[in-house]
Structure formats: C-alpha cells, structure tokens
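Where a number appears in this text, it was derived from the coordinates with a stated rule and is not lab data. Since this is a predicted model, take the numbers as computed values, not measurements. Methodologically, a virtual Cβ is constructed for each residue, glycine included, from the backbone with ideal geometry; neighbour enumeration extends over all protein chains shown.
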Amino acid sequence: MGALNLKKQARTKRKKRIRKKLTGTSERPRLCVFRSAKHIYAQLIDDTRGHTLAVATTLEKAVKESSETGGKTAKANQIGKIIAERAIQKGIKRVVFDRNGFLYHGRVKAVSDGAREGGLEF
C-alpha cells in the first residue's frame, strides 16, 4: 500500500463524515469543490432531485485565456467568482459549502472566498 493510496483513503473517510451532515436543496444547493493536481472544479448540486445546477472549472476557455497571474490559487478564486455569478443568474443566493474531504486552506479556501466575493452566502 503506497502513501498515495493512504492519503486517498483518508480523504474518502473525511468526505463520508462530512456528507452525512450536508445535503443540498433547490433553495440552498451544495457547493461541491474538487481539487486535482492541476485543476479545480466547483459544482452546485441539488441533492433532493439529483441535479447539477451549475459548474465552473479551470478547464473552461475563458479561465484558461485569462491573463490573471498568481497561479492555481488565483484561478481557484476566479472559479469561486464564476460559480457565484452563475448561481445568482439562476436565483440562488445561499449555498452549503462542501469541501469534499479536502482540508480548508489553499485552493479550496480560495474558491469559497471567491464565491463570497461574488455574492453567495454560506
């Protein structure tokens, strides 16, 4: 068993523990963040219907072409602002933040900060 596998198992345990307490509704969807080595993904999910309401990732053309410097953390902040903008267009102001088992610092924190700057409440 490698160190990477143990790390993944620990995140999965944290994720299950968190998800027991969090559910997203249509009035207050779950803002789920996934962080890979290169990219970051954010989704607004309505768990009662099982629908994804909005998505923002660093793979999008607009984010890739932006001249914003500062690396991955700056792009994560930008993703937070984009997901907030898309949520507000759909009439959503309040969300439940799901860090998906990741520790709340760095890029995960940057997404939440960007979403708050964009106008979301959680």
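Strictly over 27 Å apart at the Cα level, which of Lys61/Lys109; Lys21/Lys109; Lys20/Lys61; Lys15/Lys72; Lys21/Lys72 would you flag in this model? Cα-Cα > 27 Å for Lys20/Lys61; Lys21/Lys72; rest within.
Computed across segment 3-118, the Kirkwood hydrodynamic radius from all distinct Cα-Cα pairs reaches 14.4 Å. Rg and Dmax of segment 5-68, based on Cα coordinates, read 14.3, 39 Å.
For the chain, the mean residue ellipticity at 222 nm estimated from helices alone is -14000 deg cm²/dmol, where every DSSP H run of n ≥ 4 contributes -39500 (n - 2.57) and the total is divided by all residues, rounded to the nearest 500.
A simple packing score, the average count of other Cβ atoms within 10 Å per residue, orders the peptides 91-99, 27-35 as 27-35, 91-99, with the highest score first. Placing unit charges on the Cβ atoms of the charged side chains and taking the dipole of the chain about its Cα centre, the candidate lying farthest along the positive direction among Ala10, Tyr104, Thr73 is Ala10. Taking label positions 7 Å along the Cα-Cβ direction at both Lys90 and Asn5, the computed distance is 3.7 nm, reported to one decimal. Each of Ala62, Val95, Val33 was placed along the dipole of the chain (beta-carbon charges, centred on the mean Cα), and the one lying farthest toward the positive end is Val33.
When +1 charges are put on Lys and Arg Cβ atoms and -1 charges on Asp and Glu Cβ atoms, the dipole computed for the chain relative to its Cα centre reaches about 800 debye. Taking Ala54, Ala76, Ala37 in turn, the Gaussian network model of the chain (Cα-Cα springs below 10 Å) assigns the largest fluctuation to Ala37.
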